[in-house]
Each structure stands twice: as C-alpha cells, then as structure tokens.
1. Looking at region 87-129, which of its residues are assigned to a helix (DSSP H, G or I), in contact with a helix residue (DSSP H, G or I) (Cβ under 7 Å, 6 or more places away or on another chain) and polar (S, T, N, Q)?
2. List the helices (runs of 4 or more DSSP H) inside region 147-229, counting only whole elements, that have at least 2 residues being without any contact (Cβ under 8 Å) to a residue 40 or more places away in the chain and over 17 Å from THR96 (Cα atoms).
3. Within the set of pairs 6 or more residues apart or between chains, which connect a residue that is farther than 15 Å from LEU155 by Cα inside region 86-113 to a residue that is of a type in the set (Ser, Thr, Tyr) with Cβ atoms less than 6 Å apart?
4. Would you mention how many residues in region 108-133 are surrounded by 15 or more Cβ atoms within 10 Å (Cβ to Cβ) and closer than 10 Å to LYS174 by Cα?
5. For the condition over 29 Å from the mean Cα position of the chain (by Cα) and either outside the structural domain of LYS130 (by TED's automatic domain parsing) or at pLDDT 95 or above (or both), what is the one hit in THR157, THR163, THR145?
6. Looking at this structure, is THR163 closer than 29 Å to ALA212 by Cβ and surrounded by fewer than 17 Cβ atoms within 10 Å (Cβ to Cβ)?
7. Inspect region 180-197 for any residue being within 20 Å of the chain's Cα centre (by Cα) and not aliphatic (A, V, I, L, M) and give the result as yes or no.
Amino acid sequence: MPCKITKNKGIRKVKEFDVAAGFGQWIRICLIKYKLPVIIFIYFCLVITVFTINKMIMKKIISVLAVFFALTMLISCGPTSDDAIKYNDLLVAQQTKVFEKESALIDALQKNANDKIDPLYKDLLAQIDKANDTLEKIGKFDGKTDMKDAVAKVLATYKVVATSEYPEMIRISKMPDSLYSQDDDNKRMDLSKKIDDELDKSVNDFLEVQKAFSVKYKFELSVAEKDKK
C-alpha cells in the first residue's frame, strides 16, 4: 500500500512520508503487474488526446478556409462582360432614340417640309421625356452610376437645345421666301453650330466614360460607337 493510516485518540491521520516516492512506487508496481494493459491504456489516452487536439485545429482551419472561400466567391461573382454589354446597350438605346427623332426633324428643316416640322418637333420633345423616364428606372451597375450619369447629361443637353435653339431655328425655317434674308440665313447657321457644339461636348464626355467602362469590364465597343468619337 502507498500509505498507512493509524489511530490517534479517535482522529484518523495520514502518516507522513514522501508522497512522490510512494506514487512512483505504485506506478512501478502497476507496470510490473499490469504492464501490457497499462501501456495500452496510456497509448489509448495519448491517441484520444492527439485526435482531440487535431480535431480542434482542423475545425479552426476549416472555419478560416470557409471564410476565405466565401470572400473569394463574393469578389468573383461580380458583373460579367455580358452584363456590362447589356447595361451599355440599354443606356445607349435611350440616346439613339432621341438622336433618331432629332435627325428626322433636321431632315425636315433642311428640306423646308413645313407640314412635317411641328409634328416632328413634338416627337423630339416627347422622346426626350420618355428617355429620361426610362433612365430613372435603370439602376446602378456594380454599385456605380458613372454611365447612367453621363447619359443623363446628354439627355439634359438635348432638352436645353430642343427648348432654346430649335424653336428659333424652326421659326426662321418656316419663314416665306419673300421675307427670308441673309441675316436670317446667318442666324440659322449660328443656331445650328451652337446646337452641334453643345451636343458634341456632352456626347464626347459620355464616350470617354463609356470607353473606361468597356475597358474595366473587358468588352469591345462596336465600330459605330468608336466612329462617333
């Protein structure tokens, strides 16, 4: 036995001795008498301990990898080139529709087709408003509104020239030949140049934004869009 217990006036006391030495003696006895079972038990305990530690470490590693994978997926799941092309085309379509209405009006002015000028002018104003309404419903792309804002500026310029310069140009164009003078012709040319200058600036600003957009999202602009610049 590792220790002896003696009685002293009814109180149990542990006889003083070297506890460490006694425990060591007990271990030696166990190893001698139960050598193989003890070794197996100790080995089993070590395996369980290592397995538990490894399991905890693996859980931490898996957790870190899961977070890393999730972040990678969020980054890689951004808009594709096809998404960017569709967004670009949707915005450009709003400008194109307004441009077509303006072209029809200019053609009527140049041909002095007075019976067509007023209806075509109303079509231009209506299309500008319609394009602005559509633009307001178009959301951001990849969290940004650069392209949308650039188109909005183009439409705003169209609205200005359509309500400022075009009415005067229409008035001059509809004048009878008997009242039409060289001064009227010069004024008409000045108005035409002013309209072109204002629209060219806003369109060129848009093309710069569009070019950066196409580079960022890796798609080629059409030949027609490049030629505009």
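The values are calculated or read from the model by the stated rules, or taken from the named source; none is laboratory data. Predicted, not measured: the structure shown is a model, and the values here were computed from it. Please note: Cβ atoms are built from the backbone with ideal geometry, for glycine as well, and neighbour counts cover all protein chains shown.
1. ASN88, GLN94, GLN95, GLN127
2. Hits in region 147-229: 165-173, 182-216.
3. Going by the 6 Å Cβ cut-off, the qualifying pairs are LEU105/TYR121; LEU109/SER173.
4. Looking only at that region, the number is 2.
5. Unique residue meeting the criteria: THR163.
6. Numbers: closer than 29 Å to ALA212 by Cβ: no; surrounded by fewer than 17 Cβ atoms within 10 Å (Cβ to Cβ): yes.
When the stated conditions are applied, THR163 does not pass them.
7. First, pick out the residues of region 180-197 that are within 20 Å of the chain's Cα centre (by Cα): none.
The answer is no; no qualifying residue exists.
Residue by residue, here is whether (1) among the hydrophobic types (A, V, I, L, M, F, W, C); (2) over 30 Å from ILE85 (Cβ atoms) holds:
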site	(1), (2)
ALA131	yes, no
LYS137	no, no
ALA156	yes, no
MET169	yes, yes
ILE172	yes, yes
PRO176	no, yes
LEU179	yes, yes
GLU198	no, no
ASN204	no, no
